[in-house]
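Note sheet for the following structure.
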Amino acid sequence: MCSIPSFFAFSAPFDADTVGRMIYRAEMMKWNCGRSVFPRIQVSDGRNKKMLLLDDIYYVKKVRNGLTAVTASAEYYYPEKMDSFSEIAGVNFLRCHSSISVNVDHVVIWEGSDLVLYGGEKIPVSRAYRKSVRDYFSRNSFLCSDAQK
């Protein structure tokens, strides 16, 4: 039997984004209670290798010989192709460009031809993937802006 903490202690000021991520993490812990591990990948920061939770990744982008996984604090190298990453990542990552796949849990809104992340970073949506992004947002209308409805 696995246990989930019933409260969180805050030692610094926090915002709604932080609370939302903590609630999401608690829900994932509850959902994964019967599973042995959280979904994660092995990445490198140039010197060291580490395991990175898929939930912590904002987006991945293609680079010369693999992918770069971008998180809130750093960028990590992942030595696989986008297709193999998509198989591991599952439904949480949405392909929005030929070279970018974004974690939909970190998307705030679809604005014009960009997806806006919590930190304000804008990820472009290419014409080739616009229909699949529109279909995703029509199924999950809480993220859809008025322009895409």
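The values are calculated or read from the model by the stated rules, or taken from the named source; none is laboratory data. What you are looking at is a predicted structure, and each value in this text was computed from that prediction instead of being measured. All Cβ positions, glycine included, derive from the backbone under ideal geometry; neighbour counts span all protein chains shown. Keep in mind that these areas ignore ligands, DNA and RNA; they rest on the heavy atoms of the full protein, side chains included. Shrake-Rupley method; radii C 1.70, N 1.55, O 1.52, S 1.80 Å.
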Verdict on residue 114 being surrounded by 13 or more Cβ atoms within 10 Å (Cβ to Cβ) and free of Cβ contacts under 8 Å to residues at least 12 places away in the same chain: yes
Which numbered condition residue 80 misses (of (1) in a strand (DSSP E or B); (2) modelled with pLDDT of 90 or more): (1)
Residue 72 vs. criteria of a type outside the set (S, T, N, Q), open to solvent by 50 Å² or more (accessible area, probe 1.4 Å), under 23 Å from residue 23 (Cβ atoms) and not in a strand (DSSP E or B): yes
Members of the stretch 33-48 found to be open to solvent by 70 Å² or more (accessible area, probe 1.4 Å), modelled with pLDDT of 85 or more and assigned to a strand (DSSP E or B), listed by number: 42
Residue that is closer than 25 Å to residue 23 by Cβ, β-branched (Val, Ile, Thr) and open to solvent by 80 Å² or more (accessible area, probe 1.4 Å), where the choices are 108, 60, 91, 104: 91
Count of the stretch 117-135 residues which are without any contact (Cβ under 8 Å) to a residue 12 or more places away in the chain and within 12 Å of the chain's Cα centre (by Cα): 0
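Quick grid of which residues meet (1) at pLDDT below 90; (2) in a helix (DSSP H, G or I); (3) in contact with a strand residue (DSSP E or B) (Cβ under 8 Å, 6 or more places away or on another chain):
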position	(1), (2), (3)
89	yes, yes, yes
96	no, no, yes
105	yes, yes, no
110	yes, no, yes
116	no, no, yes
127	no, no, no
131	no, yes, no
135	yes, yes, no
138	yes, yes, no
